[in-house]
Structure formats: C-alpha cells, structure tokens
Amino acid sequence: MATPEILSQLSSLESSSTSQADKATAFTSLLHTIIASSSPDQLASNLTALIDAILSENVGIVTSRPVLGECVTAIRKLDSVEIKKTVYAYTLEKLRPKIISFEEQDCNIREALADIYEGEEENGDAAKVLQGIQLNPHQRQISDEFRLKVYIRIMRNLLEDDEAISASDYLNRATLLIHTCADPAVNLQFQMCQARILDSKRDFLNACSKYHQLSFSPIVEDADRMQCLSAAMTCAILAGAGPLRSRSLATLYKDERSPQLQPDYSLLEKMYLDRLLTQKEVDEFAARLRPHQVARMSDGTTVLTKAVIEHNLLGASKLYNNIGVEELGVLLGLSAEKAEEYAARMIEQGRLSGQIDQIDRLIYFDSTTSTGGASAEKVVSRQLKRWDENVSGLAQAVENITTMLQNEYPVSRYPSPD
C-alpha cells in the first residue's frame, strides 16, 4: 500500500480546482518526487497509487494523457525490472476499460513491457503483450510501416516460443504490407521470419532457398550469414529426395563457403553424390537439429528418418539395376513391406524411376531416365525396353520370311485368262 503522505498529496491533487495545465504539472512533479524519495519496498505501491489517481474520474483526459506519458518514460528508466513489470502490467489492466481514450499510451506501455519480457527471454509473454496493441486505432493515425514492424516483432517472439502456426497468421498480414516498406533492415527481418516459418512448417525446400538468399545479404553480419547458410544446408538435407532437392543440394555443394561448415558439409556431400548414409552419421546430425525438426509425425517416423530412407533408396537405385524387396528392406533398415511402400510412393510421385514386380517381389530401377517433370511420366524400365526390342525383332523376322516366300513362290494378283 502507498505511504500516507503520497496518498494525501494525490487526494489533494484530485480534488484541486486548479487549471488542467497546472494539475498536469503538479502530477508530473509528484511523479519525480515519488521516484526520487520512495524506498524500494514502497516504490511500486506509490506508483500504482499515482496511476489510480491519474485515471480517476476526477482527473480529465487532457491531464491524464500527458502525465501518463511522463510516467511511462520515467518508469522505463528505473533499475528494478520487477517494479517496471508490476507497474506496467497494473497500468494496462487499469487502461483496459478506457483503451479508446488512451490508445497511444497503451501502445507505448506494451512496447516497453515487451522489451522487458524479451530481455528475460519470456517470448510468449512478449508476443501476448504486443498482440494487444491497437493497430486500427480510433483516436490516432499510424503508418503501415509501424503495423509491419509490430507484426514482425510478434512473429519473432512467437517463433522463439515455437509457435509457428500462430506466427504464420501474422506473416500473412505482414505480406500485405511489406511492399510499402523501403527499410532494408525491416525487409531483412521479414525474410528471416518467412524462412523460419517455412522451416517450422517443414516446407524445407522453400526454407532452404530463403535461407540461402539471406546468406548473401550484405547487411547481415558475417557470422549470421554463415548461420543462414548452415540453416539452408540443414533444410536441404531434411527435404524429401527428388529432383528439386537434388538441385538445392547441387547449389549448396558448389557454394565455396560450404566446406567451412563441417560436419554438415560432409553429410551434404554424401547426399549430393548419392552415397548411402550410415546410422552413425544420421545420429550425429540429429543431435544438432531443433525440436520441430526431430518431432515425430503421424506414422511414428521423424522428418530426418524419412529423408534418410528416401535418400538411401535413391542411392540404391544408382547402385543396382534391380533388387529384391526383402534385400531392400535390409539395406534401408525396414521391413520388406515398408521398403516396397516407400519405393511405390516415390515412383508414383515421379521422384524415382523404376517399376515394381509384385509377383517376383523385385524392384527394377532405371537410373538413366530423369526423375522430374514431364519426363517422369514417360519412365520405361530396361525390361520393358528389352520386351519391345524382342517384339520388334520377331516382327522383322516374320517380315523377312514372308518376303522370302514371296520371292520363291510368286503369286500373281490377277487370275490367268482362260
């Protein structure tokens, strides 16, 4: 509870009949007195009592607004983080019924409180505070750039709190405004949030592309550029096997900076060269991943497990012309049924060229045919090619025999005249 002396002075100011300007000056003077003379144990109570007086019905808005603005500025300079949090939170609660009249002050308090939460790495609380800012105010005009900055700040805090789904909602709002922003720093923050959201949503190929672009940005620090490149490599490794991922792997493999990022580069190199991965390499890589990148999916596998299985299956297609389903299961560390299921899905999606013989339980690969785009729809296995060649040879042999018979026993088309 506030000290009796402060309560007495506040009561006197509330009932004072002086002009609004004089009353505002008196409240401001008392604010500085409270900060300078109150003990640490009483400071928060005295300040909340001052907030009560400022926002009471006896004090007009003409006085309340500037004095509340002075309070926000003065409290921001206090050393005690706990006192600042207590007073800011109390003030926001008191402003809730009167938010339309104090939109600017409410916004300033929320930004200041978010600064505190971010400093303490309480990103979820920071996001909630920022989400309360009135971005379609009734009493003031705000720019699209300010809205964009608030959206981006909310996104960054949500992403730090692993709330990618909520962050994507604000990404959609920010996307409508980003074209109006000419500030390179804001554009960079937007692109970084975009990449992280794509990463969190497991859209790894697009995330890889965004991270790689950011790794070339001149306004990004050298260390951060390498971190973006590392994130791009991670996303490329986690992406599903196929021609699109192969292009991403090729781009990163040829980047002259990539060899500096060991051991990720070693794994990327093996994937680019279609070499089979060992379980030890996979486990070492998994230890460096973020939680959403190793989370289990509905079928019980992780993103990494699925990516490695598909990669090894693609690698096997480069080593063998054909392989038994059981043998493929042993190679991939799966049951024969699961191995066949993975192969069937990749062939169906055009990410693997081949054919499955379910009678003989064999998978035939065609590594000479492209696995992307329209050409994937024209995949023809070597066995079918041989069949066509045999049919063609048989037809040619029949034609040759027919010609020989005609030459040996010519038959006239027209009957001989009687």
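Every number in this text was worked out from the coordinates using simple rules, so none of it is lab data. Predicted, not measured: the structure shown is a model, and the values here were computed from it. Every residue, glycine among them, receives a Cβ derived from its backbone with ideal geometry; neighbour counts consider all protein chains shown.
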Does region 1-132 come out rounded, prolate or oblate by the C-alpha gyration tensor, with a ≥ b ≥ c the root eigenvalues, rounded set by a/c under 1.5 and, if not, prolate when a/b is larger than b/c and oblate if not? oblate
Give me the Debye-computed log₁₀ of I(q)/I(0) at q = 0.12, 0.14 Å⁻¹ for the chain, equal point scatterers on Cα only, no solvent, two decimals. -1.00, -1.19
Using Cβ counts within 10 Å as a stand-in for footprinting exposure, how do SER209, SER8, SER215, SER39 rank, fewest first? SER39, SER8, SER209, SER215
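Would you work out the relative contact order for the chain, in percent, from Cα pairs under 8 angstrom that are 6 or more residues apart?
Relative contact order here is 7 percent.
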So if I take the centroid of the Cα atoms in region 160-225 and the same for region 251-287, what is the distance between those two points in Å? 24 Å
Arrange the peptides 219-228, 136-145 so that the one whose residues have, on average, the most other Cβ atoms within 10 Å appears first. 219-228, 136-145
Enter the Cα centre distance for the pair region 80-106 and region 110-133, rounded to the nearest angstrom. 13 Å
Please tell me which of these pairs span more than 28 angstrom C-alpha to C-alpha: LYS149/LYS201; LYS210/LYS318; LYS201/LYS270? LYS210/LYS318
